[in-house]
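See structure below.
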Amino acid sequence: MNRFSGKVAVITGGAHGIGKAIAEGFLKEGATVHIIDIKPGDWFVGDVGDQKTLERFAEHVVVQSEHVDYLINNALPLMKGMDECSYEEFSQALAVGVTAPFYLTKLLTPYFALGASVVNISSSRDRMSQPQTESYTAAKGGIAALTHAMAISLAGKARVNSISPGWIDTAGSGITGADALQQPVGRVGKPEDIAEMALFLCSEKAGFITGENICIDGGMTRLMIYHSEHGWRYQA
């Protein structure tokens with residue numbers, strides 16, 4: 001289809017999992033893709049939690065492509081909880097999950113092309129939690145709120161939306177059994193499920209959508225769970 005031919009997409013954390021699926025989707029549709037990831041490889045290698053690294057990456061993108069059409073803030077923050085997470089680790093999680101999306105968007109805004117779109121990857125943990133996940137949950141809740149704030153500030157320059165994935169099998173392990181069947185749709189999510197939405201939000205078909213958060217979780221956040229239902233029993 002090449003619906004993104006001539007367009008430029010920037011993706012943080014684009015070397016694996018959801019970010020990789022989004023990058024591959026843009027490439028298949030004809031876009032030029034710039035990736036930053038802490039994992040070594042054939043892309044810009046660096047920690048998005050570091051200010052100078054973000055500045056060097058933004059400069060790299062501008063020198064190479066001169067403009068940006070789509071920015072996908074996807075880099076994964078650390079998940080640690082109340083018992084083990086240090087002050088420094090919590091701060092780093094917020095730097096990767098909230099500060100980096102804000103600052104990279106700020107750096108690239110002067111180079112946004114007409115019709116630009118920003119997609120922030122949040123998580124269904126922005127509205128529900130497991131024990132000992134405070135650093136990750138705080139970062140994902142922060143980027144969900146950051147989304148609607150940026151949508152207003154960037155009105156007329158870019159649309160800004162976020163996606164909240166549920167359980168996504170980023171390892172491609174083909175999860176089956178109860179872990180899959182508990183999902184209302186009967187399976188665990190795939191990175192491509194999120195990539196399809198990211199590409200849609202960047203397309204002209206989503207031209208009237210901004211400031212929105214879309215939860216893609218197979219219906220799990222809508223499933224009410226009570227003691228003794230569905231074979232589940234609460235152990236006090």
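The values are calculated or read from the model by the stated rules, or taken from the named source; none is laboratory data. Keep in mind that what you see is a predicted model, and the values were worked out from it rather than measured. Counting neighbours? That spans all protein chains shown, and the Cβs are built from the backbone with ideal geometry, glycine included.
When 80, 106 are screened for being of a type in the set (Lys, Arg), modelled with pLDDT of 95 or more and either more than 23 Å from residue 38 (Cα to Cα) or surrounded by fewer than 17 Cβ atoms within 10 Å (Cβ to Cβ) (or both), only 106 passes. For first residues located in the range 37-57 and touching a residue at least 12 places away in the same chain (Cβ under 8 Å) and surrounded by fewer than 14 Cβ atoms within 10 Å (Cβ to Cβ), partners that are aliphatic (A, V, I, L, M) and in a loop (DSSP other than H, G, I, E, B) and lie 6+ apart or on another chain with Cβ distances below 6 Å form the pairs 39/15; 41/15.
Comparison of 9, 75 shows that the only residue that is more than 23 Å from residue 126 (Cβ to Cβ), of a type in the set (Gly, Ala, Ser), in contact (Cβ under 8 Å) with a residue 12 or more places away in the chain and surrounded by 22 or more Cβ atoms within 10 Å (Cβ to Cβ) is 9. Within the range 111-120, not a single residue is in a helix (DSSP H, G or I) and either of a type in the set (D, E, K, R) or within 11 Å of residue 213 (Cα to Cα) (or both).
Restricting attention to the range 124-144, the residues that are free of Cβ contacts under 8 Å to residues at least 60 places away in the same chain, in a loop (DSSP other than H, G, I, E, B) and at negative phi total 4. A single entry from 129, 86 fulfils the requirement of being at pLDDT below 95, more than 14 Å from the chain's Cα centre (by Cα), of a type outside the set (A, V, I, L, M) and more than 15 Å from residue 49 (Cα to Cα): 129. Checked against (1) out of contact with any Lys or Arg (no Cβ under 8 Å at 6 or more places or on another chain); (2) surrounded by fewer than 17 Cβ atoms within 10 Å (Cβ to Cβ), residue 209 meets all criteria but (1).
Tallying residues that are assigned to a loop (DSSP other than H, G, I, E, B), small (Gly, Ala, Ser) and under 21 Å from the mean Cα position of the chain (by Cα) within the range 200-236 yields 5. Within the range 183-199, does at least one residue satisfy the condition of being assigned to a helix (DSSP H, G or I) and either of a type in the set (Val, Ile, Thr) or farther than 18 Å from residue 119 by Cα (or both)? Yes, because at least one residue in the range 183-199 is assigned to a helix (DSSP H, G or I) and either of a type in the set (Val, Ile, Thr) or farther than 18 Å from residue 119 by Cα (or both). Out of 147, 137, 170, one residue alone is polar (S, T, N, Q), crowded, with 18+ Cβ neighbours inside 10 Å and out of contact with any helix residue (DSSP H, G or I) (no Cβ under 7 Å at 6 or more places or on another chain). It is 147.
Among the criteria (1) free of Cβ contacts under 8 Å to residues at least 12 places away in the same chain; (2) small (Gly, Ala, Ser); (3) assigned to a helix (DSSP H, G or I), the one residue 151 does not fulfil is (1).
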